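Trainee: Please find one structure pasted underneath; my questions will follow.
The values are calculated or read from the model by the stated rules, or taken from the named source; none is laboratory data. The model shown is predicted, which means the values in this text are computed figures rather than measured ones. Cβ placement follows ideal geometry from the backbone for every residue including glycine, while neighbour counts extend to all protein chains displayed.
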Amino acid sequence: MKTAHSRFKEFFENFYLVLVLIFLYAPIAVMMVLSFNSSKSRSQWGGFTFQWYSQMFESSAIMDALYNTLLIAFLSALIATILGTAAAIGVNSMKKLPKTVFMGLNNIPMLNSDIVTGISLMLMFIAFGVSLGFKTILLAHITFNVPYVMLSVLPKLKQTSKYTYEAAMDLGAGPVEAFFRVVFPDILPGVLSGFLMAFTMSLDDFIITHFTRGAGINTLSTLIYSEVRRGIKPSMYALSTVIFVTVLLLLLITNFSPDKAGTKSSPSKGVQTASAGSKNSGIRQKILLTAASFFIIAAVSYTSWRHVASSHSDELYVYNWGEYIDESVIEQFTEETGIHVTYDLFETNEEMYPVVEAGAVQYDVICPSDYMIQKMAENLLLAEINLDNIPNLKYIDPEYMEQSKSFDPQNKYSVPYTWGTVGIIYNTKRIEELGVPAPTKWEDLWDERYRGEILMQDSVRDAFMVALKVLGCSMNSVDPKELSKARDLLLTQKPLVQAYVVDQVRDKMLSGEAAVGVIYSGELLYLQEEAESLNLDYELEYVIPEEGTNIWIDSWVIPYNARNKENAEKWINFLCRPDIAKKNFEYITYATPNQGAFELLDKEYQENTSVFPDTSTLTNSEVYQYLGTEADDLYSALWKEIKSH
Amino acid sequence: MNKSKNQFLAFPYIIWMIGFTVIPLLMIFFYGLTDRSGNFTFTNVLAILSADHMKALLLSLALSTVSTLVCLLIAYPLALILRKRNIGTGSFVVFIFILPMWMNFLLRTMAWQTLLEKNGVINSLLSVLHLPPISIINTPGAIILGMVYNFLPFMVLPIYNVLAKIDDNVINAARDLGAGSFQTITKILLPLSVPGIISGVTMVFVPALTTFVISNLLGGSKILLIGNVIEQEFTKGSNWNLGAGLSMVLMVFILISMTMIAKYDKNGEGTAF
């Protein structure tokens, strides 16, 4: 009877364990499967491939980022553990009041949202004239890591009896010896899990790293986030798989190696093993310590050596969207001009702005969008481009120089790089099933039959652009009456919307999650090519709505504090060369304003009116303008009303 | 004598905190209590009273409380089983739960999208088994799931750490004195593991309250949490003053919740807040 009961209990416990492990590892399994997926989409299976693995090892960007990530995680966790453990012991013997104050302060990095911590640290570094780079990331990581160490160590310390420590002292041990031989083994599991926790938090952090890093330094997180806009390359999944398998193997080897079998079979429970093997492990600890310090010294000197090695006389710091250039173009530029390029990525205009405004990193050339260029110019963040240095400007279609005037009236700050429209993408099969005719205008996005099938852009301006166009107003309206009408319209649409998304439109449309979506025309070629190669049983069509839409232009600008202005102009001139612009277009598939390059393109591309619409049909369309802080506040307040409804 | 000596060990970190925590904090206060032109104002702090912000804050509090409770309910039995099993060594257990977190946070959360979507992996499996599909994506349920998934290790580890340290003899003594398994848990293990629970609750509740990525990716951005509001003010609305003001309010809320939790720590030995 008793055995049946305990057997049942054991079965139940196993079942529970397996369930939790499945929960924890299901997404990892998904990532591993995706790393062998020949399609870039995260929602469609395109066939088995190893290509992402070879791409991963070949990519110096990924390997550098991996190296930086691991080094920062290791160093910050190590320093945080030492600081945190010492502090935990100190705080444990404090009186109540100072203890409360101390713990309150300690928890601040955990209490703030990351973005607040990140920006405030960046402001402080700049205020004190610390140049951003590897060391600032490290300092920031240590700061947010220590609280996690303390939270792991403190409960352990509370469990230790102070009498053992006193007993050790009474028996003739010095305070240091007593600590390391009596207290430390007791709290060691807490210290170790604190270290691990700190290491983990550091590996995973994105936002704080983003704001405290300097030029040319990427961690895996910042690299991944910069890829989000154009779709995450499966090489990232491949890398995750490799890391996962390596760590798991190491873990299994160290845990089930024969020399540990002895301690394992001993009946001692759990953490007692830490103290049980303490005598034998003395030598092992010393070896470990030596190895660790060797690793640190080697890594740090390698980093500084690389820093010295990479400082060239002729340099250029480029700040661009992720996946927004054919990388061979950068190499070609360096070959032809001898200028060494440090290439950095941002994910949104808004995220780029404070970095430039604060002068945190001095970039020489940046590629923001229309309204942001106006904002930067108004806030005196831009330098005039010397157009004499850019003879290739003659290849840019005058049409786009004209369009640019709406945000750069004298064409003196910016040179167009890519352009496009915003429109509706729809799934031909799905709308047939719903019995709805193909959409032709924005108003169709209010059709009741699309309930739960609409993907809207999660961006204030784009969402209001749609509503304002339906109302027949300008998308640059600052009239509170028009805007509240637009808000009401968007509120009535919200029940029909499946999700407000930015980058997931791609994957969600490819997997047939939704019938219609609002999308940038630049995504189109990628989507259509992907849909074709996956042999989907439906097609994705794009339409520019009748009411008119947003024409957006991303242009190169030179910030006021550029240190290599002439090199920046060489860079812009180089990118305006027709053969280079063509190469770039074929890689990024966003329409090029370069007439010379357009003429070189395949007919198939030239005739694709979704990507290169006849601009005369875009009469009602506009370019976004910067509306000033007051209007910005109004837009974001109204948007919050919609989102929180 | 000895106690006061130990206190000095906290000094390096105190200096560190002044440099990297207090000064940035003052900067947030500065932004939160001024308007764009630098004049002193309380508007940014009082903005929390507006209907939108209040709603976002209450929703965040509700969702993070639920996820913390779910985490606790999953983690406690798990930690008990792990303690009993003594699988390998302590560090092995720790690794098993921390390992998923070594894969990038964004990639993992996007993988959940692939799992949960209408045409996702789970629904495909269900349709093979002729079961009705689930439609959890873009709901508060999906956000809670994402929070539990991401923060569960923070609950398991501290509790496991504390439980593993409890002497077996204590439990045997309880048994000898006639306590059943249930009584052993409620009367012995539970009270002894309070510090671990408090650590765990803190480490889950706080990040859950301030998250914005999870609600964006799994909630379809249709659900506005206070973290989203703050993030939006900093990155999209570019009104840092309002963002800083709201973060100050959020910090106060977190401090209050933590004090309330600490009250349950009757022995007065929990983490001091």
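Trainee: Yes or no: region B:154-172 includes at least one residue that is closer than 27 Å to B:L107 by Cα, more than 8 Å from chain A (Cβ to nearest Cβ) and out of contact with any helix residue (DSSP H, G or I) (no Cβ under 6 Å at 6 or more places or on another chain).
Mentor: No: zero hits.
Trainee: Going by the structure shown, is A:E569 away from every other protein chain (no Cβ under 14 Å) and either touching a residue at least 60 places away in the same chain (Cβ under 8 Å) or farther than 27 Å from A:P391 by Cβ (or both)? I'd like the intermediate steps shown before the answer.
Mentor: Working: away from every other protein chain (no Cβ under 14 Å): yes; either touching a residue at least 60 places away in the same chain (Cβ under 8 Å) or farther than 27 Å from A:P391 by Cβ (or both): yes.
So A:E569 passes the test.
Trainee: Scanning region A:471-509 for residues that are part of a loop (DSSP other than H, G, I, E, B) and of a type in the set (S, T, N, Q), which turns out farthest from the other protein chains (Cβ to nearest Cβ)?
Mentor: Filtering region A:471-509 down to residues part of a loop (DSSP other than H, G, I, E, B) leaves A:471-479, A:502-504.
This time we only want the ones that are of a type in the set (S, T, N, Q), so: A:474, A:476-477, A:504.
On the way: A:S474: 21, A:N476: 17, A:S477: 17, A:Q504: 7 Å.
By that ranking, first place goes to A:S474.
Trainee: List, please: which pairs have Cβ atoms under 6 Å, are six or more places apart or on different chains, and start with a residue in region A:56-85 that is among the hydroxyl-bearing types (S, T, Y) and end with one that is in a loop (DSSP other than H, G, I, E, B)?
Mentor: Every condition considered, the pairs that remain are A:T69/A:T219.
Trainee: Does region A:23-40 hold any residues that are in contact (Cβ under 8 Å) with a residue 24 or more places away in the chain and within 10 Å of another protein chain (Cβ to nearest Cβ), and which are they?
Mentor: Across region A:23-40, the qualifying residues are A:I28, A:M31, A:M32, A:L34.
Trainee: Here's something else I'd like to know. List the helices (runs of 4 or more DSSP H) inside region A:232-347, counting only whole elements, that have at least 2 residues being closer than 24 Å to A:N218 by Cα and modelled with pLDDT of 60 or more. Walk me through it before giving the result.
Mentor: Values: elements: A:234-256, A:258-265, A:272-276, A:281-309, A:327-337.
Per the criteria, A:234-256, A:281-309, A:327-337.
Trainee: Right, another one. Only residues that are among the polar types (S, T, N, Q) and not in a helix (DSSP H, G or I): list them for region A:401-447, please.
Mentor: Taking region A:401-447 first, the residues among the polar types (S, T, N, Q) are A:403-404, A:406, A:410-411, A:414, A:418, A:421, A:427-428, A:440.
Hits for region A:401-447 are A:S406, A:Q410, A:N411, A:S414, A:T418, A:T421, A:N427, A:T440.
Trainee: If you don't mind, another one. Quick check on A:F11: is it facing chain B (nearest Cβ under 10 Å) and over 28 Å from the mean Cα position of the chain (by Cα)? I'd like the intermediate steps shown before the answer.
Mentor: Working: facing chain B (nearest Cβ under 10 Å): no; over 28 Å from the mean Cα position of the chain (by Cα): yes.
No, not satisfied.
Trainee: If I filter region A:77-92 for residues that are farther than 30 Å from A:V228 by Cβ, within 10 Å of chain B (Cβ to nearest Cβ), at pLDDT below 85 and part of a helix (DSSP H, G or I), do I get at least one hit?
Mentor: Kept after step one, since they are farther than 30 Å from A:V228 by Cβ, are these residues of region A:77-92: A:78-79, A:81-92.
Subsequent filtering for residues that are within 10 Å of chain B (Cβ to nearest Cβ) retains A:79, A:82-92.
Now drop any that are not at pLDDT below 85, which leaves A:92.
Those still in the list that are part of a helix (DSSP H, G or I) too: A:92.
Yes; the residues of region A:77-92 include at least one that is farther than 30 Å from A:V228 by Cβ, within 10 Å of chain B (Cβ to nearest Cβ), at pLDDT below 85 and part of a helix (DSSP H, G or I).
Trainee: Consider region A:321-347. How many of its residues are surrounded by fewer than 18 Cβ atoms within 10 Å (Cβ to Cβ) and within 21 Å of the chain's Cα centre (by Cα)?
Mentor: Result for region A:321-347: 3.
Trainee: For region A:533-540, does any single residue satisfy the condition of being buried (at least 22 other Cβ atoms within 10 Å of the Cβ) and part of a helix (DSSP H, G or I)?
Mentor: Among the residues of region A:533-540, not one is buried (at least 22 other Cβ atoms within 10 Å of the Cβ) and part of a helix (DSSP H, G or I), which makes the answer no.
Trainee: Here's another thing I want to ask about it. Taking A:K96 as meeting all but one of (1) touching a residue at least 24 places away in the same chain (Cβ under 8 Å); (2) under 24 Å from B:V201 (Cβ atoms); (3) at the interface with another protein chain (Cβ under 9 Å from one of its Cβ atoms), write down the number of the exception.
Mentor: Evaluating A:K96 over (1) touching a residue at least 24 places away in the same chain (Cβ under 8 Å); (2) under 24 Å from B:V201 (Cβ atoms); (3) at the interface with another protein chain (Cβ under 9 Å from one of its Cβ atoms) leaves (1) as the failure.
Trainee: Between B:T202, B:T109, which is surrounded by 14 or more Cβ atoms within 10 Å (Cβ to Cβ), under 18 Å from A:I28 (Cβ atoms) and polar (S, T, N, Q)? Reasoning before the result, please.
Mentor: Working: B:T202 fails: under 18 Å from A:I28 (Cβ atoms).
Only one candidate passes the filter, namely B:T109.
Trainee: Tally the residues that are surrounded by 19 or more Cβ atoms within 10 Å (Cβ to Cβ) and within 14 Å of another protein chain (Cβ to nearest Cβ), restricting the search to region A:580-633.
Mentor: So the count comes out to 3.
Trainee: Regarding A:G512, is this residue outside any helix (DSSP H, G or I), touching a strand residue (DSSP E or B) at 6+ places or on another chain (Cβ under 8 Å), at pLDDT below 90 and closer than 20 Å to B:S135 by Cβ? Before the answer, list the steps.
Mentor: Details: outside any helix (DSSP H, G or I): yes; touching a strand residue (DSSP E or B) at 6+ places or on another chain (Cβ under 8 Å): yes; at pLDDT below 90: yes; closer than 20 Å to B:S135 by Cβ: yes.
It is true that A:G512 is outside any helix (DSSP H, G or I), touching a strand residue (DSSP E or B) at 6+ places or on another chain (Cβ under 8 Å), at pLDDT below 90 and closer than 20 Å to B:S135 by Cβ.
Trainee: Hey, does region A:153-160 have a residue that's within 19 Å of B:V22 (Cβ to Cβ), of a type outside the set (D, E) and touching a residue at least 12 places away in the same chain (Cβ under 8 Å)? Give the derivation first.
Mentor: Of all residues in region A:153-160, those within 19 Å of B:V22 (Cβ to Cβ) come to none.
Within region A:153-160, none of the residues are within 19 Å of B:V22 (Cβ to Cβ), of a type outside the set (D, E) and touching a residue at least 12 places away in the same chain (Cβ under 8 Å).
Trainee: Take the residues in region A:122-138 that are within 16 Å of A:S76 (Cα to Cα) and not small (G, A, S), then tell me which one is farthest from the other protein chains (Cβ to nearest Cβ).
Mentor: Step one: list which residues in region A:122-138 are within 16 Å of A:S76 (Cα to Cα), which gives A:133-138.
Those still in the list that are not small (G, A, S) too: A:134-138.
Values: A:F134: 16, A:K135: 12, A:T136: 10, A:I137: 13, A:L138: 11 Å.
Once the filter is applied, the top-ranked residue is A:F134.
Trainee: Let me ask something additional. From the list A:G47, A:G90, A:G104, which one is at positive phi and of a type outside the set (S, T, Y)?
Mentor: Numbers: A:G90 fails: at positive phi; A:G104 fails: at positive phi.
Step by step, each of A:G47, A:G90, A:G104 is checked, and only A:G47 is at positive phi and of a type outside the set (S, T, Y).
Trainee: Just need a number here: residues in region A:519-535 that are hydrophobic (A, V, I, L, M, F, W, C) and over 22 Å from the mean Cα position of the chain (by Cα).
Mentor: Keep residues of region A:519-535 that are hydrophobic (A, V, I, L, M, F, W, C), which gives A:519, A:524-525, A:527, A:531, A:534.
Add one more test, that the residue is over 22 Å from the mean Cα position of the chain (by Cα), and what stays is A:524-525, A:531, A:534.
Number of matching residues: 4.
Trainee: All but one of (1) surrounded by 23 or more Cβ atoms within 10 Å (Cβ to Cβ); (2) farther than 25 Å from A:V191 by Cα; (3) at pLDDT below 85 hold for B:T210; which doesn't?
Mentor: Here B:T210 clears every test but (3).
Trainee: I'd like to check something: does region A:249-257 contain any residue that is among the small types (G, A, S) and in contact with a helix residue (DSSP H, G or I) (Cβ under 9 Å, 6 or more places away or on another chain)?
Mentor: no
Trainee: Considering A:I28, A:I62, which residue is assigned to a helix (DSSP H, G or I), modelled with pLDDT of 90 or more and surrounded by fewer than 22 Cβ atoms within 10 Å (Cβ to Cβ)?
Mentor: Details: A:I62 fails: modelled with pLDDT of 90 or more.
Residue meeting the stated conditions: A:I28.
Trainee: Still on this structure, I have one more. Looking only at region A:50-73, decide whether some residue is at negative phi and facing another protein chain (nearest Cβ under 9 Å). So that I can check it myself, show each step before the final result.
Mentor: Step one: list which residues in region A:50-73 are at negative phi, which gives A:50-73.
In the following step, the residues that additionally are facing another protein chain (nearest Cβ under 9 Å) were identified as none.
Within region A:50-73, not a single residue is at negative phi and facing another protein chain (nearest Cβ under 9 Å).
Trainee: Might you let me know whether region A:157-169 holds any residue that is at the interface with chain B (Cβ under 10 Å from one of its Cβ atoms), buried (at least 24 other Cβ atoms within 10 Å of the Cβ) and part of a helix (DSSP H, G or I)?
Mentor: Kept after step one, since they are at the interface with chain B (Cβ under 10 Å from one of its Cβ atoms), are these residues of region A:157-169: A:157-160, A:162, A:165-166, A:169.
Now restrict to residues that are buried (at least 24 other Cβ atoms within 10 Å of the Cβ): none.
No, region A:157-169 has no match at all.
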